[in-house]
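See structure below.
The values are calculated or read from the model by the stated rules, or taken from the named source; none is laboratory data. Just so it is clear, the model here is predicted, and its values are computed rather than measured. In this analysis, Cβ positions are derived from the backbone assuming ideal geometry, glycine residues included, and neighbour counts consider all displayed protein chains.
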Amino acid sequence: MRAPSPPHVGTPIMIQHWRLLTFIHWRYPADVVQSLLPDGLEVETFDGSAWIGLVPFVLAGQAGYGLPYRWSAMEVRPSGNRLRYRASRRWPGPSGARCDAEVELGRPYDEAELGPLDHFLTARFRLYSTLAGRLVVADAEHPPWPLFSARLHELRQDLVQAAGLPAPAGEPLLHASPGVRVRIGMWQPVRAGRRRLDPTF
């Protein structure tokens, strides 16, 4: 199945490279996730469930841009077909919230192997934030992810819980990617009325 097309960003205000990504996703009750979203956003679901992602990666390019960054000690270490991620939050709290993960990369997926859930979880082309008390959105244009299968060898984390969610239950769904080049557009106010957190408006 072909991935959805991204929005076109005519004049990007920044260009980034997102590299060495692993998408780690768990299924969650939609109402639990909705309770944490700002007014004006509605959680998008797949087959009635919300999905939460823990996505460690290397960002190369401009930072800042009004995103809610957390200062952390971070390390990404590739070794053969494995990736080791380590992160420990410093500020703002909760200080010490962390993620240690080791992932084994598998084979590349053929486009025909990827289904609606794979694209629902990975083909996301919007950034959301709050600036001066207003909910804003920006487009993120990039080519389709080159996706690989992946297997989790180790995961110790409490970042999901630090975000206000209960600890994940069950085995996560994994995808990995060497990365893409990303063009990011200007922030725009979210129009009146609740918006779904989906890839396109």
Say we look at region 54-91 and pick out the residues that are in a loop (DSSP other than H, G, I, E, B) and under 18 Å from Leu174 (Cβ atoms); which of these is nearest to the chain's Cα centre (by Cα)? Val55
Write out, first by first residue and then by second, each pair whose Cβ atoms fall under 9 Å of each other, whose residues are 6+ apart or on separate chains, and whose first residue, in region 177-189, is on the phi < 0 side of the Ramachandran plot while the second is charged (D, E, K, R) and surrounded by fewer than 14 Cβ atoms within 10 Å (Cβ to Cβ). Pro189/Arg134
Would you confirm whether or not region 79-90 contains a residue that is at pLDDT 90 or above, touching a Gly at 6+ places or on another chain (Cβ under 7 Å) and of a type in the set (Gly, Ala, Ser)? yes
Hey, could you check region 92-108 for residues that are more than 20 Å from Pro172 (Cα to Cα) and out of contact with any Ser or Thr (no Cβ under 7 Å at 6 or more places or on another chain) and say which is surrounded by the most Cβ atoms within 10 Å (Cβ to Cβ)? Ser95
Of the residues in region 33-76 that are more than 19 Å from Met14 (Cβ to Cβ) and among the small types (Gly, Ala, Ser), the one that is modelled with the lowest pLDDT is Gly40
Identify the single condition in (1) part of a loop (DSSP other than H, G, I, E, B); (2) modelled with pLDDT under 95; (3) surrounded by 11 or more Cβ atoms within 10 Å (Cβ to Cβ); (4) not small (Gly, Ala, Ser) that Pro146 does not satisfy, given that it satisfies every other one. (2)
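Restricting to region 35-44, name every residue that is out of contact with any strand residue (DSSP E or B) (no Cβ under 8 Å at 6 or more places or on another chain) and not aliphatic (A, V, I, L, M). Quick ask: steps written out before the conclusion?
Restricting attention to region 35-44, the residues satisfying the condition of being out of contact with any strand residue (DSSP E or B) (no Cβ under 8 Å at 6 or more places or on another chain) are 35-37.
Residue satisfying the conditions is Ser35 alone.
Kindly indicate which of Asp39, Asp118, Asp139 is under 30 Å from Val190 (Cβ atoms) and assigned to a helix (DSSP H, G or I).
Details: Asp39 fails: assigned to a helix (DSSP H, G or I); Asp139 fails: assigned to a helix (DSSP H, G or I).
Unique residue meeting the criteria: Asp118.
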Working only within region 110-125, note down all residues that are buried (at least 18 other Cβ atoms within 10 Å of the Cβ) and over 28 Å from Val136 (Cβ atoms). Leu114, Asp118
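Looking for whichever is of a type in the set (Lys, Arg), within 26 Å of Ala167 (Cβ to Cβ) and surrounded by 12 or more Cβ atoms within 10 Å (Cβ to Cβ) here; the options are Arg77, Arg89. Which one fits? If you could, list the steps in order and put the result at the bottom.
Working: Arg77 fails: surrounded by 12 or more Cβ atoms within 10 Å (Cβ to Cβ).
From the options Arg77, Arg89, the qualifying one is Arg89.
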Please pick out the residue among Ala163, Ala132 that is without any contact (Cβ under 8 Å) to a residue 40 or more places away in the chain, among the hydrophobic types (A, V, I, L, M, F, W, C) and closer than 28 Å to Gly66 by Cα. Ala132
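Using the structure shown, decide if Ala60 is among the small types (Gly, Ala, Ser), surrounded by 17 or more Cβ atoms within 10 Å (Cβ to Cβ) and either more than 27 Å from Gly185 (Cα to Cα) or free of Cβ contacts under 8 Å to residues at least 60 places away in the same chain (or both).
On the way: among the small types (Gly, Ala, Ser): yes; surrounded by 17 or more Cβ atoms within 10 Å (Cβ to Cβ): no; either more than 27 Å from Gly185 (Cα to Cα) or free of Cβ contacts under 8 Å to residues at least 60 places away in the same chain (or both): yes.
It is false that Ala60 is among the small types (Gly, Ala, Ser), surrounded by 17 or more Cβ atoms within 10 Å (Cβ to Cβ) and either more than 27 Å from Gly185 (Cα to Cα) or free of Cβ contacts under 8 Å to residues at least 60 places away in the same chain (or both).
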